[in-house]
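**Q** Input: one structure, supplied below.
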Amino acid sequence: MKHYKILALFFGIITIFSMGCEPDDICPESTPTTPSLIIRFYDILNQDSKKNVFNLKVQGVGNDNPLTDYNVVTKDSIVLPLKTDANTTQYSLHKEYSNTDNIIGGNEDFITINYSTEQVYVSRACGYKTIFKNVTLTINNDGDNWIQSKESINDNQSVEDEKAAHFKLFH
Amino acid sequence: MKKQRILSYFISLFSFLLLGVSLHAQNDSITTTVNDSIKIKLKYGLRIGGDVGKLIRSFTDDDYSGFEVNADYRIKKALYIAGELGIEEKTTITDYLDVTTSGTYLKAGVDYNMYKNWLDMDNMIYSGFRVGAAAFSQNLNSLAVYNTDQYWAPQYASAESQKFNDLTAVWVELIIGIKVELFNNLYLGLNAQLKGLVTETIPNNFANIYIPGFNKTYDSSKIGAGYGYSISYLIPLYKKDKN
């Protein structure tokens, strides 16, 4: 009789164990996976102080929708997802955006981000993430840029995590 | 009067003791002959079998094929040397990975029978210990990059297969199970295994998703689990008294 109890206990442990491990198949939100590009806006006249951009609308070139959370907002930093299946991502940063009777106001600048990608293994549940190396940012010259200059945080900038900003834009 | 009584008491006591001794002596010779006639013999030998569970799964599960040969050899009344040799191929498909693992494994250890058999019955409720080792390879058939932000969808995906060769793993295992003699020398077994990974070759920029013999691996721990259904046949080599 005693042995049956041991047996039941053991099968019980295995059952609980296998149930307890089920969440292992879901990638936890706390796990860092594919990072996005972080840009902070600074004052061109006082390059150490952050400066808000008012009524900013951010939209990827080739995407029909404005970037979620950046549809006419006031921000001093933006987080831009990069295409993992390409080596270039373009964004439109539209300052002081307004739309009255289809007359669009404000100043729209385009930035182009070039990079090379690398796939890095994360875990069984999350699979692989993409990290971005040799990241360069260019402000497309349209003769009337509100973004005056840019600066990468490091030489040979890479985007491997979201712990800190990767580029500074001055305006 | 009193003295006589005491004397007779002693005489009777003494004669009783004498009688008792002689009776005892007689008893002795009888019991030994009786014992001889009901002496129980236990079968000792090599028991060889196969895992039926893995065989059935190979036919029913498209992503799995495998087989295991197991054997045990009785060295003491309740103690067996036991081992398993197996081959497995398993395809693991998640939302982001498609991996095929194939390889062989060997497990060796002991089983201890905790069940007190009645007469000459030969059933087991046992617990066992194993050391297991596997040599295998993994083929990453395809991958899709994980990204919490789906603004640019779909994410990068690759169907280019990548092969990870010469992988090894070593683990320890606790087993609990039963073996029942269905017919003469034919046994049906059922067991559950709890495993702890000791060491493994970690492939470059990847991980071991499945290890033959160890089964599925987990992100958060080095523990694994398994089960087995076996049918085995005992090749009796000699018999020994059960005492």
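None of the figures in this text is laboratory data; all of them are computed from the coordinates on show. Bear in mind the structure is a predicted one, so any value in this text is a computation, not a measurement. Cβ placement follows ideal geometry from the backbone for every residue including glycine, while neighbour counts extend to all protein chains displayed.
**Q** Mind checking the mean number of beta-carbon atoms from other chains within 10 Å of the Cβ atoms in A:116-127?
**A** 6
**Q** Now a separate question. What do you get when you divide the Cα radius of gyration of the protein assembly as shown by 2.2 N^0.38 Å, with N the number of residues?
**A** Normalised Rg, Cα atoms only: 1.73.
**Q** Right, here's the next one. Would you list which aspartates and glutamates come within 18 Å of residue B:76, measuring only between C-alpha atoms, while excluding same-chain residues fewer than 8 positions from it?
**A** Of all the aspartates and glutamates, those that pass the test against residue B:76 - Cα under 18 Å, at least 8 places apart if same chain - are B:111, B:120, B:122, B:241.
**Q** Would you please name the GluC sites (Glu not before Pro) within the range B:136-243 that are DSSP coil residues with at most 14 other C-beta atoms within 10 Å of their C-beta?
**A** B:160
**Q** How large is log10 I(q)/I(0) at q = 0.22, 0.23, 0.30 Å⁻¹ when the Debye formula is applied to the Cα atoms of the range B:122-181, each weighted equally and without solvent?
**A** One equal scatterer on each Cα of the range B:122-181 leads to -0.92, -0.95, -1.12.
**Q** Here's a follow-up. I want to verify the translational diffusion coefficient of the range A:117-157 in µm²/s; compute it with Stokes-Einstein, Rh as the Kirkwood radius over Cα pairs, at 20 °C and 1.002 mPa s. Could the numbers behind the result be given before it?
**A** Numbers: Rh = 13.2 Å.
It comes out at roughly 162 µm²/s.
**Q** Can you give me the long-range amide H partners of residue A:122? Hydrogens built in the peptide plane at 1.01 Å from N, cutoff under 5 Å, separation of 5 or more residues or another chain.
**A** A:127, A:128, A:129
**Q** So if I take the alpha carbon set of the range B:104-243, get Rg, then get Rh from the Kirkwood formula, what is the Rg over Rh ratio?
**A** Checking Rg against Rh, the ratio lands at 1.17.
**Q** Just to confirm the filter: which trypsin sites (Lys or Arg not before Pro) across the range A:72-171 are DSSP coil and have at most 15 other Cβ within 10 angstrom of their Cβ?
**A** A:163
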